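Structure record follows, encoded as structure tokens.
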Amino acid sequence: MLKLLQTFLDIALWRKGPQDLPASQFLVALALAMYVAASFIQVQLLGLQLRTVIVVVVVDAIMMILWPWAVLSFFRRSERFMQTLTAMLGVGVLLALADIGVRVLQIMMAGPEQKPYIAWLFIRFVALALIQGRIFMHALGQGLLTGMALTVAIAYSGLAVAQLIVTRLQG
């Protein structure tokens with residue numbers, strides 16, 4: 001497990017790419033389970049209702065699976081799906097853990113009613129765009145900007161769908 005997390009860290013630090021991971025269904029499932037667990041804690045720390053947390057986490061996980069599949073299929077690179085998805089989920093776990101750490105420190109210092117620091121949210125978003133953009137760059141054989149644009153599309157579409165579902169459930 002430690003070696004796997006080290007590989008995800010190496011991908012996040014641009015030392016390795018998704019091609020350095022095995023194409024394994026078990027590894028995808030393990031990374032997905034870790035991603036969902038970390039995301040649940042991450043979103044729960046925002047103080048949202050449990051139903052909202054579940055919707056956000058489920059929609060995010062679905063988007064993290066569907067977008068790479070669709071993009072890789074469009075670019076005729078579907079054979080790279082498992083490695084790409086594993087890398088994206090693994091890096092997502094690392095970013096969620098960092099976010100959890102920052103949020104816990106913030107809650108300890110300022111209380112749970114304090115909104116997340118906007119500077120941290122911006123840093124995390126830029127890191128996500130760069131890291132997952134690079135993963136897409138390797139998987140697609142395209143440029144970093146293409147990968148970053150796809151990453152931003154995943155992030156915003158997931159938020160939009162989750163917000164739509166939560167709004168429908170409330171009204």
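The values are calculated or read from the model by the stated rules, or taken from the named source; none is laboratory data. Bear in mind that the values here come from a model prediction, so they are computed numbers and not experimental data. When we count neighbours, we look across all protein chains shown, and the Cβ atoms used for this are built from the backbone with ideal geometry, even at glycine. Side chains included, ligands, DNA and RNA excluded: accessible areas come from the protein's heavy atoms. Shrake-Rupley method; radii C 1.70, N 1.55, O 1.52, S 1.80 Å.
Assorted remarks:
- In the stretch 72-109, the residues that are of a type in the set (Val, Ile, Thr) and either modelled with pLDDT under 95 or farther than 18 Å from GLN19 by Cα (or both): VAL93, ILE100, VAL102, VAL104, ILE107
- Candidates LEU89, LEU72, LEU169, LEU94, filtered to the one that is assigned to a helix (DSSP H, G or I) and surrounded by fewer than 17 Cβ atoms within 10 Å (Cβ to Cβ): LEU169
- Residue list for the stretch 10-34, restricted to those being open to solvent by 40 Å² or more (accessible area, probe 1.4 Å), under 21 Å from LEU130 (Cβ atoms) and in contact (Cβ under 8 Å) with a residue 12 or more places away in the chain: TRP14, GLN19, ASP20
- Restricting ILE154, ILE131 to residues that are modelled with pLDDT of 95 or more and either at positive phi or under 15 Å from the mean Cα position of the chain (by Cα) (or both) narrows the list to ILE131.
- Residues being surrounded by fewer than 15 Cβ atoms within 10 Å (Cβ to Cβ), within 22 Å of LYS3 (Cα to Cα) and either in contact with a strand residue (DSSP E or B) (Cβ under 9 Å, 6 or more places away or on another chain) or among the hydrophobic types (A, V, I, L, M, F, W, C) (or both) - total across the stretch 98-123: 0
- Among the residues of this structure, GLN44 counts as one that is touching a helix residue (DSSP H, G or I) at 6+ places or on another chain (Cβ under 7 Å), open to solvent by 20 Å² or more (accessible area, probe 1.4 Å) and at pLDDT below 95.
- Residue match in the stretch 155-166 (condition: among the small types (Gly, Ala, Ser) and farther than 23 Å from VAL59 by Cα): no
- Residue match in the stretch 131-148 (condition: touching a helix residue (DSSP H, G or I) at 6+ places or on another chain (Cβ under 9 Å), among the aromatic types (Phe, Trp, Tyr) and part of a helix (DSSP H, G or I)): yes
- Search result, residues across the stretch 35-81 that are among the polar types (S, T, N, Q) and touching a residue at least 24 places away in the same chain (Cβ under 8 Å): SER39, GLN42, THR52
Yes/no matrix, rows are residues, columns are (1) closer than 19 Å to ARG134 by Cβ; (2) within 15 Å of the chain's Cα centre (by Cα); (3) β-branched (Val, Ile, Thr); (4) part of a loop (DSSP other than H, G, I, E, B):
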{"residue": "PHE8", "(1), (2), (3), (4)": "yes, yes, no, no"}
{"residue": "VAL36", "(1), (2), (3), (4)": "no, yes, yes, no"}
{"residue": "VAL43", "(1), (2), (3), (4)": "no, yes, yes, no"}
{"residue": "ILE54", "(1), (2), (3), (4)": "no, no, yes, no"}
{"residue": "VAL57", "(1), (2), (3), (4)": "no, yes, yes, no"}
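- Flag for ALA37 being open to solvent by less than 70 Å² (accessible area, probe 1.4 Å) and over 27 Å from THR167 (Cα atoms): no
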